[in-house]
1. Please list, ordered by chain and number, the residues whose modelled amide H lies under 5 Å from the amide H of Arg15; skip anything fewer than 5 residues away on the same chain.
2. Taking loop as defined by DSSP and a crowding limit of 12 other beta carbons within 10 Å, which GluC sites (Glu not before Pro) in the stretch 18-81 fit?
3. Please report, largest first and rounded to whole Å, the three semi-axes of the ellipsoid equivalent to the stretch 16-77, where each semi-axis is the square root of five times an eigenvalue of the C-alpha gyration tensor.
Amino acid sequence: MILEVKIMRESLKQRSKFGKWLETKGIKQSWIANRSGISKGTICQLANDENRFPTIKNAHRIIDTLREIDPTIEQVDFWDT
């Protein structure tokens, strides 16, 4: 029963493309925040709200940080700006 509730909660989570990518790679939002110098709140909003877009400066910081994991990652993989 507890497992069923957990699965239901996971399926109800809204995620942006950025948030889904972090989840599939097992990357914690706090890691991105610490490495990029962007607040945890901003990273959380970007991961959970598909209508939220980073500033150009923050997008570059995030992408530069993620390239430590995947050198082929591009901004357009997450945000159509």
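Please treat every number below as a calculation from the coordinates, not as lab data. Everything numeric in this text was worked out from a predicted model, so none of it was measured. So basically every Cβ, Gly included, is an ideal-geometry build from the backbone, and we count neighbours across all protein chains shown.
1. When sequence neighbours closer than 5 places are left aside, there are no close amide H contacts.
2. Filter output for the stretch 18-81: Glu68, Glu74.
3. After diagonalising the Cα gyration tensor, the semi-axes are 14, 13, 12 Å.
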